[in-house]
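Have a look at the structure below, then the notes.
The values are calculated or read from the model by the stated rules, or taken from the named source; none is laboratory data. As the structure is a computational prediction, the values presented were derived from the model and not from experiment. Don't worry about glycine lacking a Cβ; one is built from the backbone with ideal geometry, like all the others, and counts go over all protein chains shown. To get the accessible areas, we keep the full protein, side chains included, count just its heavy atoms, and leave off ligands, DNA and RNA. Shrake-Rupley method; radii C 1.70, N 1.55, O 1.52, S 1.80 Å.
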Amino acid sequence: MRRVRIESDSHELIAGFVAGVEWVNDSAVAVIDLDYRGRTAFVVLDDLDGDSEDAVLRLTVNGIEGKE
């Protein structure tokens with residue numbers, strides 16, 4: 001199990017991503033935290049099938065990228 005934090009400067013992209021996770025969820029991934037209040041919106045996922053380290057990623061109009 002691992003936690004994945006996905007950040008974006010676009011609140012709309014995060015909202016769409018969360019809606020997609022909830023729609024397709026096979027119970028292996030759960031949304032455990034979501035925040036739209038700051039300049040950077042984020043969602044934290046609990047990845048029950050993940051066996052690697054926790055990750056922080058960025059969601060852009062081009063998709064999900066590793067955070068630098």
Residue-count net charge about Val18 - beta-carbon cut-off 12 Å; Lys, Arg +1, Asp, Glu -1: -4
For the chain, calculated [θ]222 nm from helices alone, where every DSSP H run of n ≥ 4 adds -39500 (n - 2.57): -6500 deg cm²/dmol
Share of carbon and sulfur in the accessible heavy-atom surface of the chain [1.4 Å probe, %]: 50
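Taking 0.36 nm per residue of sequence separation and subtracting the Cα-Cα distance, how much length would be gained by fully extending the chain between Asp9 and Val31, in nm to one decimal?
Once the chain is fully extended between Asp9 and Val31, it gains 6.1 nm.
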Angle between the chain longest axis and helix 11-24 axis [Cα atoms, degrees, rounded to 10]: 30
Interatomic Cα distance distribution for the chain, bins of 10 angstrom, percent: 22, 56, 22, 0
Sorted peptide list for 37-43, 3-9, 60-66, criterion being average Cβ within 10 angstrom, highest first: 3-9, 37-43, 60-66
Per residue solvent-accessible surface (Å²) - the chain, probe of 1.4 Å: 67
